[in-house]
1. Go through Thr430, Thr309, Thr217 and list them by solvent-accessible area, largest first, probe radius 1.4 Å.
2. What list of ³J(HN,Hα) values in whole Hz, one per residue of the range 236-250 in order, does the Karplus curve 6.51 cos²θ - 1.76 cosθ + 1.60 (θ = phi - 60°) give from phi, with Gly and Pro shown as x?
3. Non-local amide H neighbours of Ser411 (under 5 Å, H modeled in plane, Pro and chain starts lacking H): which ones?
4. Between rounded, prolate and oblate, where does the range 146-228 land on the alpha carbon gyration tensor, with a ≥ b ≥ c its root eigenvalues, rounded for a/c under 1.5, else prolate if a/b exceeds b/c?
5. How large is the convex hull of the Cα atoms of the range 421-480 per residue, expressed in Å³ as a whole number?
6. Normalized C-alpha radius of gyration of the range 289-354, against 2.2 N^0.38 Å?
7. Compute the Kirkwood hydrodynamic radius of the range 281-440, taking the inverse of the mean of 1/r over all pairs of distinct Cα atoms, and give it in Å to one decimal.
8. Grab the other residues whose beta carbon is less than 12 angstrom from that of Gly95, score K and R as +1, D and E as -1, and report the net.
Amino acid sequence: MADLTCTTPFLLYPSLVIILFFYSINHHNQIFSSVVDDDPSCRLSSSPQAVFSSFRIFPFRSSSSCLNITSNNNSTSEVVVVEEVDEAVERIEEGLAMARAAIRKAGEKNLRRDRDRTNNSDVGVVSNGSVYLNAFTFHQSHKEMEKRFKIWTYREGEAPLFHKGPLNNIYAIEGQFMDEIENGNSRFKAASPEEATVFYIPVGIVNIIRFVYRPYTSYARDRLQNIVKDYISLISNRYPYWNRSRGADHFFLSCHDWAPDVSAVDPELYKHFIRALCNANSSEGFTPMRDVSLPEINIPHSQLGFVHTGEPPQNRKLLAFFAGGSHGDVRKILFQHWKEKDKDVLVYENLPKTMNYTKMMDKAKFCLCPSGWEVASPRIVESLYSGCIPVIIADYYVLPFSDVLNWKTFSVHIPISKMPDIKKILEAITEEEYLNMQRRVLEVRKHFVINRPSKPYDMLHMIMHSIWLRRLNVRIPLSQ
């Protein structure tokens, strides 16, 4: 984990103690005391990717009693609240059903037409379907998202532990997303919780670690886990939204390495909860049907992303390039086999001062993207920005937007066990294959650019679309 040194004023720390005490009062409450009937059919058994690959919209229960909300309070006001919530759920679910039907129709239509001869030029997203698992269903799904997707952010909590995240450096996607939804003029911002498709838990994982764990006397995750759990306890006791779905339409988002550990303390509580994570390691509990894989991106101060053409393919004479620290076992193995040992596969732990990192990527055909401490690497996005084909060296990594993008068409995946064969594998790629992949890199990288405000098909929209897909895969029933 990077050093998060700060010069926080002394008076901030007493306020943090007060905040933590406020949220700890609910720490031992039973969150699901009002929820019964744990029926697994409430969540569809197939992943969102299946909607794109086979154009199927899966059947839902005809009954609306998958999750029943009961109450010991039989007052008139309570009944009114439940009825209002039910009406909102019914309206939202009807809209989602229409969206699923439109997506399925687009997929069926695609079966009857030649994708390469389409006249659809809307936003250029379907200009070349090869980078997508299915361009038409994705395009339709994105259109439906723009019409129907609304995010409600809970208001509880104070900065810096809540509602605030970093806007720059390696964890910046957490702050950029939070700021876009809370402070920007996002079209996806819900005016009220009744119109929300999903609910955002605005925990600042990076700031919790930055402030609560300073000084670093322990790396135990219990303080982080308790803060998030207490927050969920607070909002689930105050509002009906978490309980009616057991968190299936709730999410948080963070790129910090510790973020996946939040749910480890209480797997049952987070069973249906959507986690948007950079550390998307399927061997460590990341579930693609439920969770969202985020691109890891290093955002410098005063700029959102340096997208540039780099050298044209004919001028890229260097086969492969990597420069970076010895972070984790994967890179140690990489350095063992390739560190400064081959003129065609340049691998450095410390880049010589005569070389420029970005320019080296600009003139390489392939850019090596090995895992660091965790599976994700910002070099994947950096490679795309430079027009360099990313070579992903990781096991169990669920790639970002992989329910939509066909990563095989614009990247190379090399298992950790095959690292001694990097050069052999890359040299076996023909010139024609390379040119096609490089062209697709230039095409797909628009999905990895951050704009503020966000724009259709950019990184923030793609993240929202990933969350939208998980919500499409869930039906929230009415209470009885």
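The values are calculated or read from the model by the stated rules, or taken from the named source; none is laboratory data. Note that the coordinates shown come from a computational prediction; the quantities given were computed from them, not determined experimentally. Backbone-built Cβ (ideal geometry, glycine too); neighbour counts: all protein chains shown. Surface areas here come from the heavy atoms of the whole protein model, side chains and all, with no ligands, DNA or RNA. Shrake-Rupley method; radii C 1.70, N 1.55, O 1.52, S 1.80 Å.
1. My answer, sorted largest first, is Thr217, Thr309, Thr430.
2. Whole-Hz 3J(HN,Hα) from phi for the range 236-250: 6, 7, 8, 10, x, 5, 5, 5, 5, 10, 6, x, 5, 10, 10.
3. Residues meeting the amide H criterion: none.
4. Working: a/c = 2.94, a/b = 1.95, b/c = 1.51.
Here the range 146-228 falls in the prolate category.
5. Roughly 153 Å³ of hull volume per residue.
6. So the range 289-354 has a normalised radius of gyration of 1.46.
7. 16.1
8. +1
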